[in-house]
Amino acid sequence: MSKKKKILVALGGNSKERDISFKTGKACIKALKKIGFIVETFDPKFNSFFELNKKKINLIFNALHGKEGEDGYAQSFFEYFKIPYTHSGVVSSMNCMDKIISKKIFSKNKIKTPDYMTINKKNLLGISKMIKKKHLNFPLVVKPSNEGSSIGVKISKNIKDLKKNINILKKNYETLLIENFVGGQEIQVAVLNGKALGAIELKPKRKFYDYKAKYLKSARTDHIMPARLTKRNYSEVLKIAEKAHKILNCRGVTRSDFKYFKKKFYLLEINTQPGMTELSLVPEIALYNKVSFENLVLKIVSDAGLKK
């Protein structure tokens, strides 16, 4: 790929992950310039996606996170204007961002995921009966069906706790996902262009691996690379992550979030726009496998395309 190519880095945006997107974008801009690309930036908060048509660029590096950045919205504009772009396509991004759709796809393809139920403003009554019917047990996790970076995720110890958390979340979200809390090891796998790079284990000092644990140094989350698994189990979780990447038709880089409990792996979700900040897991996993940050970014760029 010619080093004279002009790359537009999309970053910022309107989601609740705007700040993280800037950190990802800035790190990737630095790497792209170091490689030798000409780089421009594009922030959808201040520029309409329709302005992309006026840009004289070779491809888009998508560094957006959250709504309108990793849910198929931005990708639909990239496709419409026929500008090759990095990461996953429209339908893949939409399916991965929607935790309910992705869990259905996991289950259909025999990938274990925590048992769950969904609620919206129409079926808020009779939650206790629904929990029994779905064979769910406390503690339960309640979260928005389409947010990233653990935004809005709450753990409920009992029905009183659950109803309180639902009342908080329903103000901002139409559909909520309620699932069994799975204990055990927190394992995350990076997949690059269809091939698993490795698995890392996280030991958060906080109650669980939430937004602060992911992005704040002060949270002091322990990163254990490689994850403390037997050789056989390590190989197994890599294969499950590759399978999830494939069945959801993902492209470029993804990060799959697992829990390992009672000798079983449970896939919580797959992230099509994983963070690329100094605390991010994908660059750390890549570096352990002797893939530098610049080389990681170059590999993501090399997979840019259309009609994904």
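The values are calculated or read from the model by the stated rules, or taken from the named source; none is laboratory data. All values derive from a computational prediction rather than experimental measurement. All Cβ positions, glycine included, derive from the backbone under ideal geometry; neighbour counts span all protein chains shown.
Here are a few things to note about the model shown:
- With respect to the conditions (1) on the phi > 0 side of the Ramachandran plot; (2) in contact with a Lys or Arg (Cβ under 6 Å, 6 or more places away or on another chain), PRO139 lacks only one, and its number is (1).
- Residues that are outside any strand (DSSP E or B) and of a type in the set (Val, Ile, Thr), drawn from segment 253-278: THR272, THR277
- Among the residues making up segment 126-151, those that are of a type in the set (D, E, K, R) and touching a residue at least 24 places away in the same chain (Cβ under 8 Å) are LYS143, GLU147.
- Taken over segment 169-206, the criterion of being of a type in the set (Lys, Arg), assigned to a loop (DSSP other than H, G, I, E, B) and assigned by TED's automatic domain parsing to the domain that holds ILE270 is satisfied by LYS205, ARG206.
- Scanning segment 236-250 for residues that are within 19 Å of LYS299 (Cα to Cα) and touching a helix residue (DSSP H, G or I) at 6+ places or on another chain (Cβ under 7 Å) gives ASN249, CYS250.
- Output for segment 161-206, where each listed residue is among the charged types (D, E, K, R) and either out of contact with any Asp or Glu (no Cβ under 9 Å at 6 or more places or on another chain) or in contact (Cβ under 8 Å) with a residue 24 or more places away in the chain (or both): ASP161, LYS163, LYS164, LYS170, LYS171, GLU174, GLU179, GLU186, LYS195, GLU201, ARG206
- Members of segment 221-256 that are modelled with pLDDT under 95 and either among the β-branched types (Val, Ile, Thr) or closer than 10 Å to THR272 by Cβ (or both): THR221
- Just one residue in the set ASP71, ASP115 is surrounded by fewer than 18 Cβ atoms within 10 Å (Cβ to Cβ) and within 22 Å of the chain's Cα centre (by Cα); that residue is ASP115.
- Verdict on SER292 being surrounded by fewer than 21 Cβ atoms within 10 Å (Cβ to Cβ) and free of Cβ contacts under 8 Å to residues at least 24 places away in the same chain: yes
Yes/no per residue for (1) out of contact with any Ser or Thr (no Cβ under 7 Å at 6 or more places or on another chain); (2) buried (at least 23 other Cβ atoms within 10 Å of the Cβ); (3) under 26 Å from GLY152 (Cβ atoms):
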residue	(1), (2), (3)
LYS23	no, no, yes
LYS34	yes, no, no
GLU40	yes, no, no
TYR80	yes, no, no
VAL91	yes, no, yes
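- Within the set LYS212, LYS207, the sole residue that is touching a strand residue (DSSP E or B) at 6+ places or on another chain (Cβ under 8 Å) and at pLDDT below 70 turns out to be LYS207.
- Any hit, segment 117-135, residues being in contact with a strand residue (DSSP E or B) (Cβ under 9 Å, 6 or more places away or on another chain) and closer than 21 Å to GLY252 by Cα: no
- Residue count for segment 248-276 under the criterion of being surrounded by fewer than 18 Cβ atoms within 10 Å (Cβ to Cβ) and over 17 Å from LYS203 (Cα atoms): the result is 4.
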